[in-house]
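K.L.:
Here it is, the structure, as structure tokens.
The values are calculated or read from the model by the stated rules, or taken from the named source; none is laboratory data. Quick caveat: nothing in here was measured; it's all calculated off a predicted structure. For neighbour counting, all protein chains shown are included, and Cβ atoms are generated from backbone atoms with ideal geometry for every residue, glycine included.
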């Protein structure tokens, strides 16, 4: 049976494609709203049915927006939530007094077989599941809302006064983070690489220039290496964090990270938890997206007629070039990302 | 368009050997604007037809306007025409009428006028032609003198009536004016001998009271440009520049009433000159001389905020670097040869870019300096020439810090000067120096390029994907050579804002039929996987093995290194420098930061007003030797670290 998208889902896809909804935060928010709506609706009777609906809608979103991994990430969160709440309710019913099931002892962890997990039957209707889910969803929503703020709070821990910080393009987390840092520390110098051809770095620079006690330098992308020798820290945002701790970030991030590595400058990546995706993508072509080339070279110029012109949107940054992730729950090393992922998502949901 | 300047030394220069010619042609298109010129080859034709049509008109003017003119004026005009004819004879056929050339020619014209007082009178005489031509067209179109007066008055009031008065005839008129100005310049420059002969003739004429009037009309040419309707922003800026230059010299010229006064360069209050001119019979000077004062006031406020922002908003890290940006530089120094003055403008405006092109242009200009050099009385040729050349090089340095290739060429030239025999006549010495310059160009640049290309041909094989950055004449030469050998390879051109020189490279490679890919530098990681070799040009190779090149080169080398793609830097030994440098900040060049601003909608617009926001436009960066696999020189393919060795043995190679 072919899965039909919900009306809300098609609307969201359209809005994102047309550019009405931009930025991973708002996309995540909107997706969460849709799943909340699904949970509230009466279209499912048991956990299994709900999970199937969520999976189906997630697949549709994924197919329509392959580059927006946050939608699948949220779907995985919902699935994990459903499993947890179901298990919890199930445990309450079956082993009322026996709490050995609920708390995992070391013995339990060692002796536990994977079979016991599989055996759970989610198709059993469970009372109170909907309410419990909505309750839990509220927590997720608040976490999402405060994620940006939680990242900003850590600015003081990472930036001292009169530092020279380099950033690339325009990320909202980075903007807020730096604004916070500027307020708390004095004499910062912020170097913004413009990130051609979109030159979103100009927007960030203009936005930061309103603050006091800070020097903003805008450089073309070509000068990153030249300036890197004076930089204390590189702070960049990312599009998503991959399972191995690598990044899918704005085009140019790879060069920045390489240059930073060359000069042994720490690279700090700001990534809220919802950007963590259980994906392994090491190939450029597999996940990249090629943008409009008009900005790179005007279509009407003579050489443009024959030449191949690329304007890729993303860069893959391998984990060895990243020093630290700052998420809303604190700092993490790239090698720790796999562990965060297992906590965040259920192993069975990695493939939707 | 602006490129013309680079051509001029060729046309003016001595008939060169075939090889050199080829060499120059190869280097010629280095200039970005060349392409524009290629496309607009029609312009010179139209301009010549215009001039043809103008001639009868001029005659009619003489007939019509004769009664108002005094005898002397007519005589003067005749003389001017005679000169113009001479000039036309010498004029080379491929002179495109471009505003930029007129800038250059005007600038140099003024240097001539200030340098040689005799020439001053002649060029001034020629300029007499301008108003007459203008009026000719006007009368042909039945516009009365009064009407034009009114228009001029409006202009003086500072109203923007340009749109209203932009009638066809005026556009024509200003074309004429431009042409005439160019001719004058050509005559003044190309025929030093003939002009002098003409001046001898003119010496009989009593022109003393006419000259101020004529000089006062001089700014009419640039003023006319202003009316031209369809001007791009860049053009307009160029014209403003020209006006400023013209004005500056206009001021310096005015105090010479007889045209014979020594070129002291003192500028009296501008108001005085018009009053002196007013006594002369024709009405034109009064109008024209008044207008420049107006343009001064209109152009200066637009310039000043920029200039102040420049000095205030500087990136702290780069405070030690001087940003060669003073417009005052183009006010001419009487001691600077016109060829050098023009080259200085070309350097400053970045119309001559790339170390090879800069070096060749410098040497051509230098040869002219040598040709035109006259040993002062009771002085030794070699020493006085040395001093003169030093002054010229200083001037160029002020326009833009000298390229390593240029300073090396200068060093060699100086070395040559000290070795000159003392008992030979001056003409022979000049020939000797000319020969030295020719061989330097041929050996250090021409043959070196061939040798490097020869080395690299072994490295380029079928199926290769060559990645290169920005624009390098040497890389282009190598690619063309490989194409000629019918190797099936393709090129990835990596480019960066704001220069976008790679587009020029793309255009040239495209013209030879090499399949190309074009990306911006932040996508270099995306295409690096395809590349099999990275070929990079260089500005200079430093003694510690670092490569100084256009910003972004280091980044390309870095990414190539990460992908294990060999990086070959192509660099002739004449670009080797004895300087040591370990980062790009100690010594660098800053370009105009406004180039980073993209159009009207850009957030950076008006950046000077937005707090401590500073765009930074670095010219060069330094690639550490560990990122470079090898340097290809005409001597051999070497590791970067062999630079000091080459520097030590260098005097033995080449010549």
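K.L.:
Might you check whether a residue that is assigned to a helix (DSSP H, G or I) and either more than 12 Å from the chain's Cα centre (by Cα) or closer than 17 Å to residue A:66 by Cβ (or both) occurs anywhere in segment A:264-281?
P.N.:
Keep residues of segment A:264-281 that are assigned to a helix (DSSP H, G or I), which gives A:273-275.
Next cut, either more than 12 Å from the chain's Cα centre (by Cα) or closer than 17 Å to residue A:66 by Cβ (or both) only: A:275.
Yes - at least one qualifying residue is present in segment A:264-281.
K.L.:
Could you tell me which of the residues A:17, A:7 is surrounded by fewer than 19 Cβ atoms within 10 Å (Cβ to Cβ) and farther than 26 Å from residue A:237 by Cα?
P.N.:
Working: A:17 fails: farther than 26 Å from residue A:237 by Cα.
Sole residue among the options that is surrounded by fewer than 19 Cβ atoms within 10 Å (Cβ to Cβ) and farther than 26 Å from residue A:237 by Cα: A:7.
K.L.:
Which condition from (1) touching a helix residue (DSSP H, G or I) at 6+ places or on another chain (Cβ under 7 Å); (2) surrounded by fewer than 24 Cβ atoms within 10 Å (Cβ to Cβ) is the one that residue B:580 breaks?
P.N.:
Here residue B:580 clears every test but (1).
Residue by residue, here is whether (1) surrounded by 16 or more Cβ atoms within 10 Å (Cβ to Cβ); (2) at pLDDT 90 or above; (3) on the phi > 0 side of the Ramachandran plot holds:
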{"site": "B:419", "(1), (2), (3)": "no, no, no"}
{"site": "B:446", "(1), (2), (3)": "yes, yes, no"}
{"site": "B:449", "(1), (2), (3)": "yes, yes, no"}
{"site": "B:457", "(1), (2), (3)": "no, yes, no"}
{"site": "B:464", "(1), (2), (3)": "yes, yes, no"}
{"site": "B:475", "(1), (2), (3)": "yes, yes, no"}
{"site": "B:487", "(1), (2), (3)": "yes, yes, no"}
{"site": "B:492", "(1), (2), (3)": "yes, yes, no"}
{"site": "B:495", "(1), (2), (3)": "yes, yes, no"}
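K.L.:
Only one of B:573, B:633, B:641, B:551 is touching a helix residue (DSSP H, G or I) at 6+ places or on another chain (Cβ under 8 Å), facing chain A (nearest Cβ under 8 Å) and either modelled with pLDDT of 90 or more or farther than 27 Å from residue A:315 by Cβ (or both). Can you tell me which? Give the steps one after another, and end with the answer.
P.N.:
On the way: B:573 fails: facing chain A (nearest Cβ under 8 Å); B:633 fails: facing chain A (nearest Cβ under 8 Å); B:641 fails: facing chain A (nearest Cβ under 8 Å).
Criteria check complete, one pass: B:551.
K.L.:
Looking at residue B:523, is it in a helix (DSSP H, G or I), buried (at least 24 other Cβ atoms within 10 Å of the Cβ) and within 13 Å of chain A (Cβ to nearest Cβ)?
P.N.:
Values: in a helix (DSSP H, G or I): yes; buried (at least 24 other Cβ atoms within 10 Å of the Cβ): yes; within 13 Å of chain A (Cβ to nearest Cβ): yes.
Yes: the conditions hold for residue B:523.
K.L.:
Right, next: Which of the following residues is within 12 Å of chain B (Cβ to nearest Cβ), modelled with pLDDT under 85 and either part of a helix (DSSP H, G or I) or closer than 22 Å to residue A:178 by Cβ (or both): A:304, A:257, A:286?
P.N.:
Numbers: A:257 fails: modelled with pLDDT under 85; A:286 fails: within 12 Å of chain B (Cβ to nearest Cβ).
The unique qualifying residue is A:304.
K.L.:
Spot the failing condition for residue B:496; the list is (1) over 30 Å from residue B:594 (Cβ atoms); (2) free of Cβ contacts under 8 Å to residues at least 60 places away in the same chain, and only one is missed.
P.N.:
(1)
K.L.:
Please go through (1) modelled with pLDDT of 90 or more; (2) buried (at least 24 other Cβ atoms within 10 Å of the Cβ); (3) at the interface with chain B (Cβ under 7 Å from one of its Cβ atoms) for residue A:195 and return the number of the only condition it doesn't satisfy.
P.N.:
(1)
K.L.:
Report whether or not residue B:531 is away from chain A (no Cβ under 11 Å) and touching a residue at least 12 places away in the same chain (Cβ under 8 Å). Explain how you work it out, then say what you get.
P.N.:
Working: away from chain A (no Cβ under 11 Å): yes; touching a residue at least 12 places away in the same chain (Cβ under 8 Å): yes.
For residue B:531, the condition - away from chain A (no Cβ under 11 Å) and touching a residue at least 12 places away in the same chain (Cβ under 8 Å) - is met.
K.L.:
Among the candidates A:266, A:272, A:278, single out the residue that is under 30 Å from residue A:344 (Cβ atoms) and either out of contact with any strand residue (DSSP E or B) (no Cβ under 8 Å at 6 or more places or on another chain) or without any contact (Cβ under 8 Å) to a residue 24 or more places away in the chain (or both).
P.N.:
Details: A:266 fails: either out of contact with any strand residue (DSSP E or B) (no Cβ under 8 Å at 6 or more places or on another chain) or without any contact (Cβ under 8 Å) to a residue 24 or more places away in the chain (or both); A:272 fails: either out of contact with any strand residue (DSSP E or B) (no Cβ under 8 Å at 6 or more places or on another chain) or without any contact (Cβ under 8 Å) to a residue 24 or more places away in the chain (or both).
Criteria check complete, one pass: A:278.
K.L.:
Yes or no: residue B:488 assigned to a loop (DSSP other than H, G, I, E, B) and either more than 9 Å from chain A (Cβ to nearest Cβ) or more than 28 Å from the chain's Cα centre (by Cα) (or both)? Reasoning before the result, please.
P.N.:
Working: assigned to a loop (DSSP other than H, G, I, E, B): yes; either more than 9 Å from chain A (Cβ to nearest Cβ) or more than 28 Å from the chain's Cα centre (by Cα) (or both): yes.
In short, yes.
K.L.:
If you don't mind, another one. I'm checking my understanding of the structure. Among residues of segment A:209-234 that are more than 8 Å from chain B (Cβ to nearest Cβ) and in contact with a helix residue (DSSP H, G or I) (Cβ under 7 Å, 6 or more places away or on another chain), which one is farthest from residue B:556 (Cα to Cα)?
P.N.:
Once the filter is applied, the top-ranked residue is A:213.
K.L.:
Sticking with this one: Please list, ordered by residue number, the strands (runs of 3 or more DSSP E) wholly in segment A:175-251 having 2 or more residues that are more than 21 Å from residue B:610 (Cβ to Cβ), assigned by TED's automatic domain parsing to the domain that holds residue A:163 and over 16 Å from the mean Cα position of the chain (by Cα). Walk me through how you get there before you give the answer.
P.N.:
Numbers: elements: A:188-193, A:214-219, A:233-237, A:247-250.
Result: A:233-237.
K.L.:
Can I ask one more? Has segment B:510-519 got at least one residue that is touching a strand residue (DSSP E or B) at 6+ places or on another chain (Cβ under 6 Å), at the interface with another protein chain (Cβ under 10 Å from one of its Cβ atoms) and surrounded by fewer than 20 Cβ atoms within 10 Å (Cβ to Cβ)?
P.N.:
yes
K.L.:
When segment B:585-609 is examined, which residues are found to be touching a helix residue (DSSP H, G or I) at 6+ places or on another chain (Cβ under 7 Å) and over 25 Å from residue B:400 (Cα atoms)?
P.N.:
Within segment B:585-609, B:602, B:603, B:604 qualify.
K.L.:
Kindly indicate the residue of segment B:352-381 that is out of contact with any helix residue (DSSP H, G or I) (no Cβ under 6 Å at 6 or more places or on another chain) and under 30 Å from residue B:505 (Cα atoms) and also surrounded by the fewest Cβ atoms within 10 Å (Cβ to Cβ) among those meeting that condition.
P.N.:
So, considering only residues that are out of contact with any helix residue (DSSP H, G or I) (no Cβ under 6 Å at 6 or more places or on another chain) and under 30 Å from residue B:505 (Cα atoms), the one surrounded by the fewest Cβ atoms within 10 Å (Cβ to Cβ) is B:353.
Residue-by-condition table, conditions (1) in a strand (DSSP E or B); (2) buried (at least 19 other Cβ atoms within 10 Å of the Cβ); (3) within 28 Å of the chain's Cα centre (by Cα); (4) in the same structural domain as residue B:645 (by TED's automatic domain parsing):
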{"residue": "B:595", "(1), (2), (3), (4)": "no, no, yes, yes"}
{"residue": "B:599", "(1), (2), (3), (4)": "no, no, yes, yes"}
{"residue": "B:604", "(1), (2), (3), (4)": "no, yes, no, yes"}
{"residue": "B:608", "(1), (2), (3), (4)": "no, no, no, yes"}
{"residue": "B:614", "(1), (2), (3), (4)": "yes, yes, no, yes"}
{"residue": "B:621", "(1), (2), (3), (4)": "yes, yes, yes, yes"}
{"residue": "B:631", "(1), (2), (3), (4)": "yes, yes, no, yes"}
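K.L.:
What residue, among those in segment A:307-327 that are away from chain B (no Cβ under 11 Å) and part of a loop (DSSP other than H, G, I, E, B), is surrounded by the most Cβ atoms within 10 Å (Cβ to Cβ)?
P.N.:
Here the residue is A:322.
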